[in-house]
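Novice: If you scroll down you'll find the structure; I have some questions about it.
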Amino acid sequence: MKHTFFKYQGTGNDFVIIDNREDIFNKLDTKLVAHLCDRRFGIGADGLILLEDHDEVDFKMVYYNSNGNISTMCGNGGRCLVAFAKKMGIIDNKATFLAIDGLHHAEIVDNIVKLQMQDVSKIEIFNEHVFLDTGSPHHVEMRHDIDAIDIKKEGTSIRYGEPYNDEGANVNFVEKINDSIFSVRTYERGVEGETFSCGTGVTAVGIAMNVTGKTNKNLITLKTKGGNLKVSFRPDGKSFKDVWLIGPAILVYKGDIEW
């Protein structure tokens, strides 16, 4: 049977999105998710997102990594889903939706999607890196000349190494350009390789750069392989509140596929 899907991307972080308000998708079929995300035999994407009805908010977000497993929060995916919800007439320019990490607010301004992320209070600072959770767990490490890094090799080593082990963490390598701009490359668990950008990753980077004194700015531009994202936040003691991920979310194409 043919089903309609939509392909979206946010700074090169791409997603298959399916309208599941009529419960057409078997959410336990991890092999199907992996197949649809496969870049040779399926549609191809970093992840798959289901939009579902919810009684109390505009919609619910269900997110899978490209390996087929239900995942933690995806910031760029959330922004793309907000753009999709507007296209489907579910929202106008503002949204409130439920994701795996809780409630999110979003707004669309001149085709830029601004997504409010969760407050961040637990930040672990080490000699060589920072660890924090921005809806997904992130290892943030400063490097020089990040373009020369073998992301697959070094990211895998950190992702599966101590102390992350089997649960793993996403790995971000960061290079400072100036007080307001940082370059980022991210190895994402679940994708098990580099993505063109990572929303929760650049959010983690922005906060990590502020908390470690690399910048005193609270609006930061993050340059990724897929384009620029912005992160804003409000430091509040040892916590960071009013955290927003800001950037484009683009419809690539609409199609039909059998499953």
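Novice: Considering only residues that are surrounded by 15 or more Cβ atoms within 10 Å (Cβ to Cβ) and not hydroxyl-bearing (Ser, Thr, Tyr), which ones fall in the range 22-36?
Specialist: Within the range 22-36, PHE25, LEU32, VAL33, ALA34, HIS35, LEU36 qualify.
Novice: While we're looking at this one, here's another question. Look through GLY190, GLY168, GLY206, GLY255 and report the one residue that is touching a strand residue (DSSP E or B) at 6+ places or on another chain (Cβ under 7 Å), modelled with pLDDT under 95 and not aromatic (Phe, Trp, Tyr).
Specialist: GLY190
Novice: Turning to a different aspect of this structure: Quick one: in the range 22-42, of everything that is free of Cβ contacts under 8 Å to residues at least 60 places away in the same chain and hydrophobic (A, V, I, L, M, F, W, C), which residue is farthest from LYS7 (Cα to Cα)?
Specialist: Checked the range 22-42; the qualifying residue farthest from LYS7 (Cα to Cα) is LEU28.
Novice: Restricting to the range 25-56, name every residue that is assigned to a loop (DSSP other than H, G, I, E, B) and among the charged types (D, E, K, R).
Specialist: Selection gives LYS27, ASP29, ASP38, ARG39, ARG40, ASP46, ASP53, ASP55, GLU56.
Novice: Same structure again: Restricting to the range 137-154, and then to whatever is touching a residue at least 40 places away in the same chain (Cβ under 8 Å) and not hydrophobic (A, V, I, L, M, F, W, C), can you tell me which residue is surrounded by the most Cβ atoms within 10 Å (Cβ to Cβ)?
Specialist: Only one residue tops the list, namely HIS138.
Novice: Sticking with this one: Out of everything in the range 43-72 that is among the aromatic types (Phe, Trp, Tyr) and either outside the structural domain of ALA85 (by TED's automatic domain parsing) or closer than 20 Å to ILE257 by Cβ (or both), what residue ends up being surrounded by the most Cβ atoms within 10 Å (Cβ to Cβ)?
Specialist: TYR64
Novice: A follow-up question, please. All but one of (1) among the small types (Gly, Ala, Ser); (2) in contact with a helix residue (DSSP H, G or I) (Cβ under 8 Å, 6 or more places away or on another chain); (3) surrounded by fewer than 17 Cβ atoms within 10 Å (Cβ to Cβ) hold for GLY168, so report the exception by its number.
Specialist: (3)
Novice: Which residue, of SER197, SER232, is surrounded by fewer than 24 Cβ atoms within 10 Å (Cβ to Cβ) and either among the small types (Gly, Ala, Ser) or at pLDDT below 95 (or both)?
Specialist: SER232
The values are calculated or read from the model by the stated rules, or taken from the named source; none is laboratory data. Keep in mind that what you see is a predicted model, and the values were worked out from it rather than measured. Heads up, the Cβs are rebuilt from the backbone with ideal geometry, glycines too, and the neighbour counts pull from every protein chain shown.
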